[in-house]
Each structure stands twice: as structure tokens, then as C-alpha cells.
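What follows is a single structure, written as C-alpha cells, with notes after it.
Every number here is computed from the coordinates shown, using simple stated rules; none is lab data. From a predicted model like this one, the values you see are computed outputs, not experimental measurements. No Cβ is skipped: glycine too gets one built from the backbone with ideal geometry, and neighbour counts run over all protein chains shown.
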Amino acid sequence: MIQSLLVANRGEIAARVFRTCRDLGIATVAVHSDPDEDALHTRLADTAVRLPGAAPAETYLRGDLIVKAAAAAGADAIHPGYGFLSENADFARAVQDAGLTWIGPPPEAIEAMASKTRAKQLLGIAPLTDVTEADLPVLVKAAAGGGGRGMRVVRALADLPAALEAARAEAASAFGDGEVFVEPYLENGRHVEVQILADTHGTVWALGTRDCSLQRRHQKVIEEAPAPGLPPALTADLHATAVRAARAVSYVGAGTVEFLVADGRASFLEMNTRLQVEHPVTEAVFGIDLVALQLRIAEGHALDPEPPTARGHAVEARLYAEDPTAGWAPQTGRLHRLAVPDGVRLDTGYTDGDDIGVHYDPMLAKVVAHAPTRPEAVRALAGALDRTTLHGPPTNRDLLVRSLRHEEFTSARMNTGFYDRHLPTLTDPTPDPHAPLAAALAEAASTPSRFGAWRNLPSQPQVRRYAVAGEEVEIHYAHTRTGLTAEGVRVLSATPHLVVLERDGIRRSYEVTRYGTQLHVNNTPLTALPRFPDPTTHVAPGSLLAPMPGTVVRVAEGLTEGSQVEAGQPLLWLEAMKMQHVITAPVTGTLTALPVAEGRQVEMGALLAVVEEADL
């Protein structure tokens with residue numbers, strides 16, 4: 001029996017595995033990089049081991065150090081989580097060779113399914129080789145790894161060479177393997193997958209289906225189980241193919257077989273030989289703990305002949321620290337507060353006061369709702385996210401709420417092109433128009449005048465300025481004998497943390513929290529601005545600022561100061577959190593400044609280039 005388990009991972013998945021271990025009475029061991037020394041998963045474990053000598057982005061890829069850490073801490077089993085080394089056959093062998101229990105499939109099964117091209121061949125699916133106009137659009141895809149890295153949609157043959165080069169570079173950076181392949185891209189397909197679980201006694205469970213069609217950059221954002229609206233015959237076919245794939249490689253443990261479904265037909269995509277991020281929706285519907293079952297299987301226990309019965313519907317949303325309006329750019333900074341209402345499941349690797357760094361994936365948490373029906377589950381999750389307290393860097397929370405309430409999603413007519421069609425409307429900022437006023441009144445209540453309501457110039461109101469949703473807003477209010485007042489509303493009460501306003505007979509409360517110059521009024525973030533702007537902070541027109549911290553990995557060939565550039569022309573590539581982000585010219589003109597070079601690390605907001613617009 002397993003007595004002590006090391007999780008070869010970080011963040012949310014490590015914390016989630018530790019939770020099950022704690023329930024089972026299994027001691028836990030965390031490993032951590034230097035930036036993660038005080039991370040939540042490190043604090044939750046019974047024992048934590050620092051992984052020395054590696055760059056932060058590479059630390060959790062050092063299988064040799066992780067096996068040594070297990071031996072040093074007295075662990076007798078290793079769970080890989082997902083990402084990093086979870087689908088690395090050499091690491092699985094190293095764990096077994098060290099006499100430790102590996103919580104995962106046999107190394108041979110990992111190898112067989114590690115390459116998407118080899119997996120397709122195993123199931124008799126021929127790859128797409130010579131691409132013609134008739135094949136378009138196509139998807140360039142990394143043969144190894146996942147998470148949307150190394151993927152590019154190509155709609156014109158002329159764009160294929162550049163897409164292949166970019167995909168190879170991103171795949172090599174993320175997975176250490178630059179192999180890519182090309183497959184047909186179905187514009188209106190749905191991403192559907194089957195959770196499998198297999199023991200060492202020949203039993204393979206197909207645990208329903210999941211729909212993961214809402215994606216950005218080919219990474220899942222909202223997932224649900226079961227996949228809605230699938231004909232029973234198609235569901236049975238998906239289950240049969242998933243079980244066939246598992247049996248073909250003598251699979252053991254938890255895995256996922258992924259498909260693209262369009263026009264009533266399913267196309268095999270890949271098999272992920274690990275636990276998936278979205279596994280909680282399957283757990284909710286089947287009433288099981290997949291991690292606990294992984295551990296039982298690793299201990300040699302047999303599954304029941306048939307899986308449990310599915311009940312109800314579950315939906316999961318991934319909260320990311322990112323800006324959907326800026327190309328999904330990752331965001332960093334202090335997470336001051338994260339709290340969800342009762343009635344939903346929260347899986348997270350962060351707690352209040354933690355810093356969101358630059359080295360790892362920007363996912364903050366997963367929020368899961370389960371209900372008897374799909375409409376009830378979707379409504380519950382949207383409402384919970386809407387009421388979630390989330391103070392810190394920009395996130396995709398508002399996008400998630402609007403996505404869940406969008407008619408195309410509520411009617412289950414979504415597909416993988418959902419955000420291509422709807423992102424502009426889903427991200428159109430609609431802040432509460434009274435949020436800046438509530439912020440001003442709360443600040444006024446926190447710093448009352450030493451002379452009470454007396455004013456030397458009673459005709460002149462008090463003024464405060466805020467930035468909200470990219471706009472500057474100026475707020476006017478006054479101290480009177482009866483308290484704080486503002487035009488157009490009744491101020492029923494105002495304290496430093498709660499303001500109550502009434503307009504046209506409708507009363508609304510505003511919770512106000514301040515962290516330096518950053519304020520949060522209910523769900524609206526604001527930045528307090530000085531009344532008189534500092535002229536030295538002016539940014540020259542045409543300046544391109546780093547949208548996130550990262551490393552300049554490439555500058556366009558031949559580009560120098562004085563070069564003529566066209567609007568939309570790629571100038572340089574910035575890598576952050578294993579993703580490459582292209583920085584393009586905002587206008588046609590002259591490159592007047594290029595203060596960065598390949599290999600240069602930059603902070604968010606750093607000047608990358610300046611393009612002076614040409615006179616027309």
C-alpha cells in the first residue's frame with residue numbers, strides 16, 4: 001500500500017492530489033522551484049523538497065532531481081499530475097527503476113501514444129501529407145505535448161511554411177520536440193472526449209463524454225459532462241473507439257481519448273495518457289474520485305466490472321489571469337482575494353496574497369457546478385462566477401460569465417469557433433456606471449474633512465479621477481451638512497468599504513476594496529489617478545509596449561532602426577509561459593526605435609519598438 005506520495009508537479013493539480021491523499025491517510029511530498037518556495041502546493045504538503053540548479057521554467061522537467069527528492073523525503077510513489085513530465089515515458093521508467101510506484105500508465109503505453117502521428121497510425125488513420133488548396137483550411141499541430149502549444153490554423157497555402165516554422169519553434173520550446181504534422185481543420189467541429197480508466201486486470205471503463213469546444217488558442221476554457229446533444233449511436237461509437245485505443249496499448253490508469261465531432265461523425269485527434277485538467281466534471285457526474293481510483297489501480301486493486309451510473313450535468317470554467325482583449329496576454333501580479341460562493345467546487349493553486357508569476361501557466365483556478373440538468377448547472381456556474389470575489393490582475397472572469405449566458409452556449413449549439421465569432425461582443429466593456437462614484441464616496445468616507453462639511457468654496461465640488469475599462473472618468477461629489485451628496489443619485493450611506501446608492505427608486509450596494517491605487521467596486525476594477533496627470537509619463541505615439549513579462553526570442557530578419565514597415569507586419573516574437581506572442585507594427589511607417597534584441601528579458605510595459613506613421 002502507498003504510504004507517502006510525491007507529486008511531480010505544482011499549483012492546482014498538486015494541491016488537488018494532496019487533498020485526496022489527505023482523505024486516504026497518505027503522507028504527501030511537494031517539490032518546488034525557487035519561485036514556488038511559498039506556493040500553496042508547497043505549504044499544503046507534509047514535506048517539501050527544493051529542486052536545485054534549474055531555471056524556473058525547467059525545474060519541473062528535471063526527472064532526475066524529482067526521483068532524488070522522492071528518495072530523500074521517503075516517498076514510495078510518484079504522481080505526475082498533468083503537463084511537465086506526466087507523459088514522459090523515460091520519467092515513468094526512472095520512477096519504476098528507483099523502486100517507486102508510478103501512478104500512471106506503463107511507459108510503453110505512454111510511448112505508443114506520445115506522438116499524435118504514431119497514435120493515428122496505431123488506429124489505422126493516415127496522415128495528411130501533400131497539402132493542396134482543396135485541403136484548406138488545415139491545422140498544423142505539434143506531434144508531442146498538448147495545451148494548444150505548437151498549433152496554427154492555416155487558411156492559405158502561402159502561409160503554410162511560416163506556420164510550420166512557428167509551430168516547430170513553439171513545440172520545441174514547450175516539449176523539447178519540434179516534430180509537427182498537418183491535419184484537416186473542421187471549422188464547425190466540436191471537441192468531444194471520453195474519459196477512460198483501466199486496471200491491471202483487463203477492465204476498461206469509458207466514463208461518458210465531455211464537451212470542451214469553448215477554447216482560446218486551442219486551449220480549453222469551459223468544459224462540461226456529458227457532451228450535450230450527441231446521438232446515442234455516436235456516443236456508443238466514441239466509447240468503443242476509446243476503449244479500443246486503451247486496449248491497443250494495454251493501458252492502465254486514467255486517460256482521455258479526444259475527438260473532433262462534425263456533421264454527426266467523429267474524427268480521432270489524440271490520446272492523452274494522463275489525468276486531464278477537466279477531470280472534475282466527470283467526477284461530479286459519476287460521483288467518483290479519479291485520483292483515488294488512480295491510486296487504487298496502482299496498488300493492484302480491480303475496478304468493478306461496470307462503471308457507476310452517471311447522474312446530472314457538470315460544467316467547469318477555467319479562471320485565467322489573462323486579458324482576452326489583448327490577444328489573451330497572460331497577466332502577473334498580486335492575487336489579493338479569491339473567494340467563490342458556496343455550492344460550487346473550487347480547485348486552485350493560489351490563496352489570498354499569492355503572487356502570480358511569469359514562469360508558469362496563468363490558470364488561477366477551476367470552478368465547477370453540478371446540477372440535475374444542463375440548464376441548471378450552466379446557470380449555477382454563471383451565477384457563482386458573477387458573485388466571485390476576485391481582486392488582482394485582469395482575468396477572464398467576465399468573459400466566462402458572458403460565455404455561459406450566451407444563447408449559442410445555453411442552447412448547446414457551440415463549436416470550436418465560438419470565440420472567433422463572438423469575442424468582440426463578449427469582451428465589450430460594460431462597467432457599472434456608478435462604480436467610480438462609489439469608489440470616490442468610499443475614499444471620501446475614509447478621509448473625512450477635519451472641518452466636517454464646512455467648505456470655503458461651497459459651490460465647488462470635490463473631484464476624483466479613475467481609469468476604468470480603458471477610459472478616464474472624473475467624479476464630482478460634495479460634503480454637505482447632511483453628508484456626502486452627488487448629482488443624479490441619493491447617497492443613502494457611505495463608509496470606506498460599503499456605499500449604498502439609490503437612483504429612480506432602485507437601491508444598490510457597492511463593496512469597495514482598495515490596494516494602493518487599485519480599487520475593486522463589486523466586480524469592477526478601477527485605478528485611482530492623480531487629479532493633475534504627470535506629463536513625464538506620456539508615451540510616444542506608435543510605441544509598442546510589452547503586453548506581459550517575457551523573453552524576446554526572435555526579431556524579424558533585417559529589421560533595424562530606420563526600416564520601413566507595413567501595418568500588421570511581424571516585428572518580433574515575445575515568449576511568455578511557453579507561448580510565443582507576435583508583436584506587429586500598428587501602422588505603416590518607419591521603425592524609429594528598437595531597443596531590444598534576441599534573448600532580452602523584458603518586464604510588462606517595457607518599450608519594445610516605436611513605429612512612426614507615414615504621412616499619407
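Find out how many positive minus negative residues lie around residue 502, taking Lys and Arg as positive, Asp and Glu as negative, among other residues whose Cβ is under 11 Å from that of residue 502.
The answer is +3.
Check which residues have an amide H placed less than 5 Å from residue 180's amide H, if you skip close sequence neighbours.
Here the answer is 143, since their amide H atoms fall under 5 Å of that of residue 180.
How far is it, in nm, from the label point at residue 157 to the one at residue 405 when both lie 7 Å from their Cα along the line to the Cβ?
4.8 nm
Test of understanding: what is the full-extension gain from residue 460 to residue 108, defined as 0.36 nm times their sequence separation minus their Cα-Cα distance?
Once the chain is fully extended between residue 460 and residue 108, it gains 119.0 nm.
For a protection proxy built on the mean count of beta-carbon atoms within 10 angstrom, sort 546-554, 293-301, 81-89, 47-55 highest first, please.
Final packing ranking: 81-89, 546-554, 293-301, 47-55.
Give me Rg over Rh for region 190-426, both radii from the alpha carbons and Rh done the Kirkwood way, two decimal places.
The Rg/Rh ratio comes out at 0.97.
Taking amide hydrogens as modeled 1.01 Å from N in the peptide plane, which residues meet the under 5 Å criterion relative to residue 100, leaving out close sequence neighbours?
none
Please report 557, 170, 472 as a ranked list, fewest other C-beta atoms within 10 angstrom at the top and most at the bottom.
With the fewest neighbours first, 557, 170, 472 line up as 557, 472, 170.
Nearest 500 deg cm²/dmol is fine: what mean residue ellipticity at 222 nm does the chain get from its DSSP H runs of n ≥ 4 alone, each adding -39,500 (n - 2.57), divided by its residue count?
Dividing the helical sum by the residues of the chain leaves -7500 deg cm²/dmol.
What's the FRET efficiency of residue 203 with residue 373 using the Cβ-Cβ distance as r and R₀ = 30 Å, to the nearest 0.05?
E(calc), rounded to 0.05, equals 0.45.
What do you get for the angle between helix 11-24 and the principal long axis of the chain? Use alpha-carbon atoms, 0 to 90 degrees, nearest ten.
Once rounded, one gets 60 degrees.
Based on the Cβ-Cβ distance from residue 236 to residue 469, what FRET efficiency comes out when R0 is 51 Å, to the nearest 0.05?
Computed FRET efficiency for residue 236 and residue 469: 0.60.
Would you calculate the separation in nanometres between label points at residue 263 and residue 421, each defined as 7 Å from the Cα along the Cα-to-beta-carbon direction?
About 1.8 nm, to one decimal.
What does the extension gain come out to for residue 96 and residue 387, with contour length at 0.36 nm per residue minus their alpha carbon separation?
Contour length minus the Cα-Cα distance gives 100.2 nm.
Run down the lysines and flag those whose C-alpha is under 19 Å from the C-alpha of residue 220, throwing out any fewer than 8 positions away in its chain.
Cα-Cα hits under 19 Å: 116, 141, 366, 578.
So how do 250, 411 line up by other beta-carbon neighbours within 10 Å, fewest first?
So the ranking, lowest neighbour count to highest, is 411, 250.
Give me a comma-separated list of calculated 3J(HN,Hα) values for region 334-347, in order, Karplus coefficients 6.51, -1.76, 1.60 applied at θ = phi - 60°, integers in Hz, x for any Gly or Pro.
Here the 3J(HN,Hα) series is 7, 8, 6, 7, 9, 8, 9, x, 5, x, 10, 9, 10, 10 Hz.
When the Karplus curve 6.51 cos²θ - 1.76 cosθ + 1.60 is applied with θ = phi - 60°, which whole-Hz ³J(HN,Hα) does each residue of region 558-575 get, with x for Gly and Pro?
Along region 558-575, the couplings run x, 7, 9, 4, x, 5, 8, 10, 9, 4, x, 6, x, 9, 7, 10, 10, 9 Hz.
Apply 1/(1 + (r/R0)^6) to the Cβ-Cβ distance of residue 481 and residue 19, taking R0 = 41 Å, and write down the FRET efficiency to the nearest 0.05.
So, using R0 = 41 Å, E works out to roughly 0.15.
Work out the length of the dipole vector of the chain about its Cα centre, built from +1 on the beta-carbon of each Lys and Arg and -1 on the beta-carbon of each Asp and Glu, and round it to the nearest 20 debye.
1620 debye
Sort 413, 149 so the one with the fewest other Cβ atoms within 10 Å of its own Cβ comes first.
413, 149
Decide, for region 154-199, between rounded, prolate and oblate: order the square roots of the alpha carbon gyration tensor eigenvalues as a ≥ b ≥ c, take rounded if a/c falls under 1.5, and otherwise choose prolate if a/b is larger than b/c, else oblate.
oblate
Could you tell me which of 494, 80, 298 has its Cα farthest along the dipole of the chain towards the positive end, charges placed at Cβ (Lys, Arg +1; Asp, Glu -1), taken about the Cα centre?
Result: 494, furthest along the dipole toward the positive end.
Which of the peptides 152-165, 118-131, 265-278 is most tightly packed, and how do the rest follow, going by the mean number of other Cβ atoms within 10 Å of each residue?
265-278, 152-165, 118-131
Test of understanding: what is the full-extension gain from residue 64 to residue 560, defined as 0.36 nm times their sequence separation minus their Cα-Cα distance?
174.2 nm
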